[in-house]
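Report on the following structure.
The values are calculated or read from the model by the stated rules, or taken from the named source; none is laboratory data. Predicted model only: the values in this text are computed from it and were never measured. Heads up, the Cβs are rebuilt from the backbone with ideal geometry, glycines too, and the neighbour counts pull from every protein chain shown. Just so you know, the surface numbers come from the protein's heavy atoms only, side chains and all, with ligands and any DNA or RNA stripped out. Shrake-Rupley method; radii C 1.70, N 1.55, O 1.52, S 1.80 Å.
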Amino acid sequence: MIDSQFNYQDERFADIQMLRYKLEGFEELSIRQKQLVYYLSQATLYGRDITFDQFGRYNLIIRKTLETIYTDQTLEHDTQFDALAVYLKRIWFSSGIHHHYGCEKFEPGFTPDYLQRAMHQVDARRLPLSDGQTVDELFEVLRPVIFDPQVLPMRVNKADGDDLVTTSACNFYENVSQREAEDFYKQKRLTDNSEQPLSQGLNSTLVKTDDGEIKEIVWSCDGRYANALRHICYWLEKAAAVAETDQQKKVIGLLIRYYREGSLEVFNEYCIEWVKCLGTKVDFINGFIEVYGDPLGLKGSWEGLVEYVDEEATQRTRTISSNAQWFEDHSPVDPRFRKPVVKGVSASVICAAMLGGDEYPSTAIGINLPNADWIRARHGSKSITISNITDAYNKAAHGNGFWEEFIRDKDMLDLVKRYADICDNLHTDLHECLGHGSGQLLPGVSADALKAYGSTIEEARADLFGLYYMADAKLVELGLLPDGDAYKSQYYTYMLNGLMTQLVRIDLGRKIEEDHMRNRALIARWCLEHTEGMALTEEDGVYVLKIEDFSELRSAIATLLAEMQRIKSEGDYEAARRLVEDYAVNIEADLHEQVIARYRKLHLAPYKGFINPWLTPIYNIYGELADVQVNYSESYDHQMLRYGSEYATLI
């Protein structure tokens, strides 16, 4: 049932549709829990500038320059100004000048001459000028970065054969090559003899000095990003004072210590204690976490998420996690690669209360952490699926005609309409709760052995684990699916997405770059090639997916899952490279053109992102935080400009 009182859709620009998510049940939280959510939300928002800087060294000065022009009251709002406004909105959305998904640099719709004139018209004191720098000198810095397609063309380059470090615009390395970076961290791992291996390189910039020395600049309260991290720690300290349990207070204290010291040993301790922190209503993610933004898969992009438990929906994930050992034991992978004992899979369905950093405005719908395989094996992990985010996606898409365009078989269309939402949620749960935590590395195999292909293989492995079990009678037995046919909806829509519909997110002539898209393409294309009862054919001039034998498709999924786990467990880099390069990168031009043309007729935006609710503190006469009000009325422009003013820490 769609909530007619809540508007899930907001403005649209470029290829983006902005949405809103609702904080269901927030009013039922205690005042202490609301205080905790508010303080953690402030800590989340203060990391914003870190993500911008990590995604490109010029992003902050470009953002500040364009915001100065955009908010100037003297400039005429002509077509050039309007094009600059759209470009700025895309920068806000992607935390930089490169596409948040495809990683290619945006093409500005305004001219260099217009930018230079506008920079001269605004108050120069509002521009991000360095000491002694003139407006024209700042323009000359920005001109090639914004307008020259050959300068910093890709935020994350994953093209086989390139030097991935020097050809990527992300700001994790300075003056070092891929070989130098790999050798540096290989030596680090060789000298790391502790029983608790460190996530080498996770929280640092690797630089080569003028005298040729290669060293790390650690991200800490006394290192790089110090001002942002000190603000984050200030709000974390306030959060610790209202923590729900002593364990939660301990966890927050360890995170503060990690930020202050920059110690990866402390980060390990924090991750272990965070996994143990159970039974609280409110939880959070805050830190340098996912490594998709680094072509070598080492450096953690900063992200934040504040959450509270959706008690009713959590029953589903608890059922899955309580049966984790059964799923591991019955996996089709080689028994050598299975975990003999699955440790502590804690799973919850949560409501997001605030998104930040690499989780904002575009966010994941499920997360499983910590990422370190040895922590998962010894101490377990936490898995979440985000109910109010998926709810917003589903309600915003109601009746948009997408399924009708791409599913021409009426019986399959009816099946998808009946089961798609429940199956999507369940597959996300299986992916996060079980998939990422399944399997084990063989002794002596490095977690980084697959290098640039590691993230794609890991996401494919988790997806395959979920897909394999979607068709298992165990899910019906556990009451997670209503009947034995429901899984067919997930199989069909997943393969359709991997083969066709995700291509609407990629410009014609480009390759697949993003790890999750590569993962889905790899699985769907491999299964198409190895399943006789599955075909992509043309009918009445359009491509149509047909799946005649779902059991055969499940067998193919089992075979590929077994191979994916072998590759990871043995650290088989060459096999990973072949799979990704053969199945996950290139796009057939005719198919791509048709899919985009069919999608364009629907007048839909291929990407969605979220405007955060505005959490407003209410203080009593004693200056104490007495309540937190939720405001959903803030526009995208206002929120981004407010964040740029209130939470600016690095320029």
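Okay, here's what the table says:
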| item | result |
| --- | --- |
| Residue tally, condition in contact (Cβ under 8 Å) with a residue 60 or more places away in the chain and either open to solvent by 30 Å² or more (accessible area, probe 1.4 Å) or under 22 Å from residue 106 (Cα atoms) (or both), over the range 488-500 | 1 |
| Test for residue 86: is it at pLDDT 95 or above and more than 30 Å from residue 627 (Cβ to Cβ) | yes |
| Enumeration of residues in the range 517-540 that are over 31 Å from the mean Cα position of the chain (by Cα) and loosely packed, with under 12 Cβ neighbours inside 10 Å | 532, 537, 538, 539, 540 |
| Total residues in the range 18-29, condition under 26 Å from residue 506 (Cβ atoms) and surrounded by fewer than 18 Cβ atoms within 10 Å (Cβ to Cβ) | 0 |
| Residues of the range 41-63 that turn out to be of a type outside the set (Val, Ile, Thr) and more than 18 Å from residue 169 (Cβ to Cβ), as a count | 7 |
| Number of positions in the range 470-487 that are crowded, with 21+ Cβ neighbours inside 10 Å and more than 16 Å from residue 554 (Cα to Cα) | 2 |
| Top-ranked residue in the range 1-32 [being of a type in the set (Gly, Ala, Ser) and more than 26 Å from the chain's Cα centre (by Cα); ranked as modelled with the lowest pLDDT] | 4 |
| Some residue of the range 212-221 being open to solvent by 20 Å² or more (accessible area, probe 1.4 Å) and of a type in the set (Gly, Ala, Ser) | yes |
| Spans of helices (runs of 4 or more DSSP H) in the range 358-440 with at least 3 residues in contact with a Phe, Trp or Tyr (Cβ under 9 Å, 6 or more places away or on another chain), among the aliphatic types (A, V, I, L, M) and surrounded by fewer than 19 Cβ atoms within 10 Å (Cβ to Cβ) | none |
| Inter-residue pairs, beta-carbon under 7 Å, first in contact (Cβ under 8 Å) with a residue 60 or more places away in the chain and in the range 174-198, second of a type in the set (D, E, K, R) and open to solvent by less than 80 Å² (accessible area, probe 1.4 Å), 6+ apart | 178/163; 198/192 |
| Failed item in (1) of a type outside the set (Val, Ile, Thr); (2) open to solvent by 60 Å² or more (accessible area, probe 1.4 Å); (3) in contact (Cβ under 8 Å) with a residue 40 or more places away in the chain, with residue 150 passing the rest | (3) |
| Any chance residue 196 is open to solvent by 30 Å² or more (accessible area, probe 1.4 Å), assigned to a loop (DSSP other than H, G, I, E, B) and either of a type in the set (S, T, N, Q) or at pLDDT 95 or above (or both) | yes |
| The range 74-112, residues that are in contact (Cβ under 8 Å) with a residue 40 or more places away in the chain, among the hydrophobic types (A, V, I, L, M, F, W, C) and open to solvent by less than 30 Å² (accessible area, probe 1.4 Å) | 75, 92, 93, 97, 103 |
| Test for residue 166: is it free of Cβ contacts under 8 Å to residues at least 40 places away in the same chain, more than 27 Å from the chain's Cα centre (by Cα), more than 26 Å from residue 377 (Cβ to Cβ) and open to solvent by 10 Å² or more (accessible area, probe 1.4 Å) | no |
| Any hit, the range 283-292, residues being over 15 Å from the mean Cα position of the chain (by Cα) and either open to solvent by 20 Å² or more (accessible area, probe 1.4 Å) or modelled with pLDDT of 95 or more (or both) | yes |
| Near pairs, Cβ below 6 angstrom, 6+ apart or cross-chain, from the range 207-222 (over 19 Å from residue 300 (Cα atoms)) to any residue that is assigned to a strand (DSSP E or B) and open to solvent by 50 Å² or more (accessible area, probe 1.4 Å) | 214/208 |
